[in-house]
Amino acid sequence: MCWSATADLIAGAGITTVGVACVARAPSRRDLPLAALPLLLGAHQIVESAVWDAGGGRGPATVVWAVIALPLLAVWVPAATWSAAPPHARPRLILSLAAGAATAAVLAHALAAGPVTAEIRGRTVGYALDVPHPPVLVAGYLLATIGSLLLSGDRRLLVLGILVAVGALVCWTLWQLEFVSTWCAFAAVCSVILLGWVRARARSRARARERERERVPSAP
């Protein structure tokens, strides 16, 4: 996810700080799961710094990294998006929720059944886990995560979904070439966009409350 333990640690601390701001500013309980996503991404970066320090392998840090990256995010992102979505958009998000739940179940079983291994490859870390039907799982994962953002019914989350799709392709290409892992920088950008989303939601709710107060006649 990042090109060194130090870069992962710094990025993780910064993203976690953004996550704290997102949670503190979240205007409603329905917004909290999505607002807390940067906290999860920041923790993920910090965990990978421990993978770097351990030289890869099959240690606890590798397992925790895989649990967050694979089953947890596959469920968290669509569930959090559904929670924050307007009522008219929630029915179409059921598909992403179902894809996330099914994908997470298969990935969790794979993690429980077999080891996950991390390997340091220059400025990248490669993770290996034996999973059935990888193309199907990748499709389900993308439908759950990117798909839920694209179907959210929220303009800012739609932009975030497009950015995630493009950025994931770029990061994956660089990682495949074993040139450099850049996901940490990309995760930081996504977290800042989520902070902007939280602020916009808070402003919108504040304006709605103000309009509601204006409609209610004052007592004589």
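The values are calculated or read from the model by the stated rules, or taken from the named source; none is laboratory data. Computed from a predicted structure; not experimentally measured. Note that we place each Cβ from the backbone using ideal geometry, even for glycine, and neighbour counts take in every protein chain shown. What goes into the accessible areas is simple: the full protein's heavy atoms, side chains included, and nothing from ligands, DNA or RNA. Shrake-Rupley method; radii C 1.70, N 1.55, O 1.52, S 1.80 Å.
Put +1 on the Cβ of each Lys and Arg and -1 on the Cβ of each Asp and Glu in the chain; which of 46, 24, 96 then has its Cα farthest toward the positive end of the dipole?
It is 24.
In a GNM of the chain with a 10 Å cut-off on Cα contacts, which of 154, 31, 130 has the highest mean-square fluctuation?
130
Go through (1) 0.95; (2) 1.00; (3) 1.04 and flag the label whose value is the computed Rg/Rh (Cα atoms, Kirkwood Rh) for this structure.
Step by step, Rg/Rh (Cα atoms, Kirkwood Rh) for this structure corresponds to label (3).
Roughly how many debye, to the nearest 20, is the charge dipole of the chain about its Cα centre, given +1 on each Lys and Arg Cβ, -1 on each Asp and Glu Cβ, and no other charges?
1220 debye
If the elastic network links every pair of Cα atoms under 10 Å, which of 74, 13, 66 fluctuates the most in the Gaussian network model of the chain?
Looking only at 74, 13, 66, the biggest GNM fluctuation is shown by 13.
With a 1.4 Å probe and every protein chain kept in, tell me what percent of the accessible surface of the range 41-119 is carbon plus sulfur.
Of all accessible area on the range 41-119, carbon and sulfur atoms account for 75 percent.
Connecting C-alpha atoms closer than 10 Å in a GNM of the chain, tell me which of 134, 60, 78 has the biggest fluctuation.
134
Let me know the Kirkwood hydrodynamic radius for the range 6-51, please, with Cα pairs as the basis and the value in Å to one decimal.
10.5 Å
With angles folded into 0 to 90 degrees, how steeply does helix 90-113 sit against the dominant principal axis of the chain? Use alpha carbons for both and round to 10.
With rounding to tens, the tilt is 30 degrees.
Would you mind checking which residues have amide H under 5 Å from residue 57's amide H? H placed 1.01 Å from N; only 5 or more apart, or other chain.
For residue 57, the qualifying residues are 118, 119, 120.
Roughly what angle does helix 37-53 make with the longest principal axis of the chain, taking Cα atoms, 0 to 90 degrees, to the nearest 10?
The helix 37-53 is inclined about 20 degrees to the chain.
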